[in-house]
Amino acid sequence: MAALPAPCSLTLGALYSRQPQAGEDGQLQPIDATTRIKPEEGLELLRLARDLQAGALLEIGLAYGFSTQFLLASLVPRGGRLMALDPFQSSDWHGVGRGLAERTAAALSRDPASGAPVRFQWLSEPSHRGLPALEAAGERFDLIFIDGYHRFDDVLIDVTLAARLCRPGGVIVLHDLWLPSVRSVVAFLESNRADLERLPTRCRNLGVFRLRGEDQRNWDHFVPFASASEIWLDQA
Ligand SMILES: C[S@@+](CC[C@H](N)C(=O)[O-])C[C@H]1O[C@@H](n2cnc3c(N)ncnc32)[C@H](O)[C@@H]1O
């Protein structure tokens, strides 16, 4: 964590030690112990984004913004932008993740040692509405992190729409493979989406896919796949 730019490592230190954070109304809000990615998962996101030299990042599911801080760190020193979709940022999370991300992006952009400017943007839209709107606007991203609603069909919709927004050669990362719902989406992708190549990762709770190119399946293509039923014992 020490290798991260100071604004990110300081914020993550405070979040992982569950120090209450200011919400958008100025009140201190408690940080719960479960709504977050693990440090090793964040570092893997950082590595993936840096290896890709990604300048345009998208995440679905902001909450307190643990993943957001790692993704912002990956933009230093090249600069770039991170967009986060979350319709419940104000209602459920008191704007904590958004406020922290905006302050981190501003601090990184202020410091000449951090390199080119880093931008953060929050869209208060559910993914099933926000992702098509971004596609219609011609947006494209190098890395898309999916950590929103975790039911099978929601995750499948997220990854289907995300693939339409991903640049060829870009990467889509799914979080929470400990859940049978998410592992079932991964099983579908591996057996049906030849345009999405699964990449090895150090974190078995992450599913990492690279977009090879166009989806060239026939209109009636379908390969049966095995859905995951068992629960992981070492749950995230
Ligand atoms: C597990 S949390 C995300 C944690 C975050 N990635 C982190 O590491 O700190 C899931 C988030 O998804 C958001 N969410 C739920 N349904 C969503 C939807 N349909 N579209 C976008 N975000 C959604 C929730 O409000 C919540 O903030």
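Read the figures in this text as sums done on the coordinates, not as results from a lab. Since we're looking at a predicted model, the values are computed, not measured. Positions of Cβ are generated from backbone atoms using ideal geometry, with glycine treated the same way; all protein chains shown enter the neighbour counts.
Here is how the numbers come out for the structure above:
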quantity: Hull-based mean projected area of the stretch 112-230, where the convex hull spans the alpha carbons, in square nanometres; calculated: 9.2 nm²
quantity: CD proxy at 222 nm, helix term only [per DSSP H run n ≥ 4: -39500 (n - 2.57); per residue of the chain; nearest 500]; calculated: -11500 deg cm²/dmol
quantity: Net lengthening on full extension, A187/D32 (0.36 nm per residue, minus Cα-Cα); calculated: 52.7 nm
quantity: Size of electric dipole in the chain: Cβ of Lys, Arg +1 and of Asp, Glu -1, about Cα centre, debye, nearest 20; calculated: 640 debye
quantity: Furthest towards positive pole of dipole, L62, S114, G130, structure part the chain, Cβ charges; calculated: S114
quantity: The stretch 96-236: antiparallel DSSP beta bridges as a percent of all, rounded to 5; calculated: 65 percent
quantity: Mean Cβ count within 10 Å, highest first, over the residues of peptides 103-110, 156-163; calculated: 156-163, 103-110
quantity: Semi-axis lengths (Å, descending) of the ellipsoid that matches the C-alpha gyration tensor of the chain; calculated: 29, 20, 17
quantity: Rotationally averaged projected area of the stretch 1-135 (alpha carbon convex hull; nm²); calculated: 7.9 nm²
quantity: DSSP beta bridge pairing in the stretch 6-211, given as percent antiparallel to the nearest 5; calculated: 35 percent
quantity: Backbone HN-Hα couplings from phi across the stretch 113-124 [Karplus 6.51/-1.76/1.60, Hz, Gly and Pro as x]; calculated: 5, 7, x, 6, x, 10, 10, 10, 9, 10, 10, 8
quantity: Peptides 70-79, 198-207, 211-220 ordered by average Cβ neighbours within 10 Å, highest first; calculated: 70-79, 198-207, 211-220
quantity: For M1, M83, order by how many other beta-carbon atoms lie within 10 Å, fewest first; calculated: M1, M83
